[in-house]
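Q: One structure is given below, represented as structure tokens, and several questions about it will come after.
The values are calculated or read from the model by the stated rules, or taken from the named source; none is laboratory data. This one's a predicted model, so the numbers in the text were calculated from it and none came from an experiment. Here the Cβ positions follow ideal geometry from the backbone for every residue, glycine too, while neighbour counts run over all protein chains shown.
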């Protein structure tokens, strides 16, 4: 009953909000504007009349002159994320600056008044104040006030309200209808207090527990230089705590216990005791702390004289230091020691290094101080001479994946060869000691660098006999075009009508490269993933780290014509369309489909046939194993909108058909 009530409440709030004018503007000074213009993509687009959200070419900005591009849309009040696109394709989108980046995007909260979003340079932030995202989880509230969820505090005037501590002006919204309510703004660096309200009047405000309140409110310390995404705290509850952990193995533990002391608790060496609950000599304690930067150290005992000596390599004022933005479990560190130092180097001798230099991107970036992982622009490597670039950072124990980027954007990243590839990436294992990885060459597994083969023409060929070819054709994409992958994909042709499509392109760079074919223009969202065959297990490819697989080939440097392969296979199937395909006998409609999908098998002499629906990663979504010949109607109303594969098979003859399907 509670979930039903919450759903009704969400619909009531949404229905009561009128659309308002919101103007997005970007300064393209210093950019070469793509011939297709400048666009904005985000979670607001369907509300503004587009066919969906996050469509990079659907919402165009107009050139206002002086480098300024803008568009005004009508959207209801709410929380939205977005980014600008210099063109119409992903890969041409910006990477916002750290000061305003939320989940890799920009973010705004729209109220009841028209909004002019401040003009910003493409890929940069407007102003010097950091973005702060507030989130509250209302899932455990049995009653939600129909006037909405609000925030009140001494930050409101900075966030555009008429004053501070006004309970009915700063409204939060649940963009995903998941009971997580959000409000985003920019705030000057400083200390603030606030609280949430289940309604819009005093008396509707939460009671903040003593363990995490300041003057009965939630404390907030806004730090400079980076956006702060506060955790989705439960209404009336403390946020997740900060877990301190220290490894005491090899030491004699004091009879007075192990403690942590720091600026967050008044540097009292006996006040915050740590425990070893599983007898592994790793002691820990959870502390409630507001956002901010704190110094601290561990104590083997309960007196200041028992404190550790923090090595110079990781001390700040003789102490350890940590920046807190929300609940977090800190890495285990050895008493009196630093985290292991990880050093990774790459030789760029075979490459022409771009003006944006060399970066490293991976699951190690957040630990190395970036605002998140897998950001190709956030972690620049240091040129140490002779075309060698280096990354060094202290890292907690764990296994990390990464790859090198010749520039600062996806599409400039290397293709990691199969011999040193894990999920499409390189990897490093960090334990207790420092790690110095062997130098490798960009796009290679070893060092010194092997010279790249000469550029040469390669003819690619794929047999589409067992496929229903999309109206937009058959395409080749990979690390061998410029730009790479979807943005640089090349259409293939079937000149003699034998269902074998081919294209010849000049390939340069490393000997080993990755590629794949796609049935449909991969620049369109429905076809962007291309083939779904497991080329890793089939023996002709590798995991691409995105849930799918790429083909691999090692070129010689001379002109080559590749063997014909069947789509989604490593070799050419021995029989063609007349032998094993149901093409012409099966009709799948409507396509795109709504709530009901019909599959008509025209061969009335046949018996049972099976129908299976897959997503583009190859995961089975829906199955029917016992339909008789004729028409089968499938209820797909519960299937999420997107692109899928319908697989139809005659159980007796084994003939089959695979067809792309769009569900709206």
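Quick grid of which residues meet (1) surrounded by 15 or more Cβ atoms within 10 Å (Cβ to Cβ); (2) under 30 Å from residue 133 (Cα atoms); (3) over 34 Å from the mean Cα position of the chain (by Cα):
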residue: 300; (1), (2), (3): yes, no, yes
residue: 312; (1), (2), (3): no, no, yes
residue: 316; (1), (2), (3): no, yes, no
residue: 321; (1), (2), (3): yes, yes, no
residue: 326; (1), (2), (3): yes, yes, no
residue: 332; (1), (2), (3): yes, yes, no
residue: 336; (1), (2), (3): yes, no, yes
residue: 341; (1), (2), (3): yes, no, no
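Q: Among the residues of region 480-499, which ones are over 24 Å from residue 644 (Cβ atoms) and either in the same structural domain as residue 89 (by TED's automatic domain parsing) or surrounded by 23 or more Cβ atoms within 10 Å (Cβ to Cβ) (or both)?
A: Selection gives 480 alone.
Q: Check region 178-187 and report whether any residue there is in contact with a helix residue (DSSP H, G or I) (Cβ under 6 Å, 6 or more places away or on another chain) and either closer than 24 Å to residue 112 by Cβ or surrounded by fewer than 18 Cβ atoms within 10 Å (Cβ to Cβ) (or both).
A: Checked against the condition, which is being in contact with a helix residue (DSSP H, G or I) (Cβ under 6 Å, 6 or more places away or on another chain) and either closer than 24 Å to residue 112 by Cβ or surrounded by fewer than 18 Cβ atoms within 10 Å (Cβ to Cβ) (or both), region 178-187 yields at least one hit.
Q: Among the residues of region 286-303, which ones are modelled with pLDDT of 95 or more and in contact with a strand residue (DSSP E or B) (Cβ under 9 Å, 6 or more places away or on another chain)?
A: Across region 286-303, the qualifying residues are 296, 297, 298, 299, 300, 301, 302.
Q: Taking the criterion of being over 30 Å from the mean Cα position of the chain (by Cα) and part of a loop (DSSP other than H, G, I, E, B), would at least one residue in region 184-197 satisfy it?
A: No, region 184-197 contains no residue that is over 30 Å from the mean Cα position of the chain (by Cα) and part of a loop (DSSP other than H, G, I, E, B).
Q: Let me ask something else. So which residues in region 310-329 are free of Cβ contacts under 8 Å to residues at least 24 places away in the same chain, farther than 18 Å from residue 245 by Cα and not in a strand (DSSP E or B), if there are any at all?
A: Matches in region 310-329: 312, 317, 318.
Q: Further, regarding this structure: Quick check, is residue 505 modelled with pLDDT of 95 or more, surrounded by fewer than 20 Cβ atoms within 10 Å (Cβ to Cβ), farther than 25 Å from residue 425 by Cα and not assigned by TED's automatic domain parsing to the domain that holds residue 414?
A: Answer is yes for this residue.
Q: Additional query: How many residues does region 202-235 hold that are surrounded by fewer than 13 Cβ atoms within 10 Å (Cβ to Cβ) and assigned to a loop (DSSP other than H, G, I, E, B)?
A: 8
Q: Continuing with the same structure: Could you list all residues from region 338-397 that are touching a strand residue (DSSP E or B) at 6+ places or on another chain (Cβ under 8 Å), free of Cβ contacts under 8 Å to residues at least 40 places away in the same chain and in a strand (DSSP E or B)?
A: Correct list: 380, 382, 383, 384.
Q: Would you confirm, using the coordinates I've provided, whether residue 239 is at pLDDT 95 or above, buried (at least 18 other Cβ atoms within 10 Å of the Cβ) and assigned to a loop (DSSP other than H, G, I, E, B)? Give the steps one after another, and end with the answer.
A: Working: at pLDDT 95 or above: no; buried (at least 18 other Cβ atoms within 10 Å of the Cβ): yes; assigned to a loop (DSSP other than H, G, I, E, B): yes.
Criteria not met by residue 239.
Q: Is region 458-469 home to any residue that is assigned to a loop (DSSP other than H, G, I, E, B) and free of Cβ contacts under 8 Å to residues at least 24 places away in the same chain?
A: Within region 458-469, not a single residue is assigned to a loop (DSSP other than H, G, I, E, B) and free of Cβ contacts under 8 Å to residues at least 24 places away in the same chain.
Q: Taking the condition of being free of Cβ contacts under 8 Å to residues at least 60 places away in the same chain and either touching a helix residue (DSSP H, G or I) at 6+ places or on another chain (Cβ under 8 Å) or within 17 Å of residue 27 (Cβ to Cβ) (or both), how many residues in region 40-83 meet it?
A: Final tally of qualifying residues: 16.
Q: Any residue that is outside the structural domain of residue 227 (by TED's automatic domain parsing), loosely packed, with under 15 Cβ neighbours inside 10 Å and farther than 21 Å from residue 328 by Cα - is there at least one of those in region 283-298?
A: No - not one qualifying residue is present in region 283-298.
Q: Mind counting the residues in region 453-500 that are in contact with a helix residue (DSSP H, G or I) (Cβ under 8 Å, 6 or more places away or on another chain) and over 16 Å from residue 550 (Cα atoms)?
A: So the count comes out to 6.
Q: When residues of region 542-577 are filtered for being touching a helix residue (DSSP H, G or I) at 6+ places or on another chain (Cβ under 8 Å) and within 24 Å of residue 468 (Cα to Cα), how many remain?
A: Total meeting the criteria: 6.
Q: Can I ask one more? If you take the residues of region 573-595 that are exposed (fewer than 14 other Cβ atoms within 10 Å of the Cβ) and over 25 Å from residue 528 (Cα atoms), which of them is modelled with the lowest pLDDT?
A: It comes out as 578.
Q: While we're on this one: Tell me, which strands (runs of 3 or more DSSP E) wholly within region 56-145 include 3 or more residues that are modelled with pLDDT of 95 or more and crowded, with 18+ Cβ neighbours inside 10 Å?
A: Strands (runs of 3 or more DSSP E) meeting the threshold: 68-76, 78-86, 106-110, 131-137.
Q: Any residue in region 423-442 that is part of a loop (DSSP other than H, G, I, E, B), buried (at least 17 other Cβ atoms within 10 Å of the Cβ), in contact (Cβ under 8 Å) with a residue 12 or more places away in the chain and within 20 Å of the chain's Cα centre (by Cα)?
A: yes
Q: Moving on. Taking the criterion of being assigned to a loop (DSSP other than H, G, I, E, B) and exposed (fewer than 14 other Cβ atoms within 10 Å of the Cβ), would at least one residue in region 155-168 satisfy it?
A: Checked region 155-168: at least one residue is assigned to a loop (DSSP other than H, G, I, E, B) and exposed (fewer than 14 other Cβ atoms within 10 Å of the Cβ).
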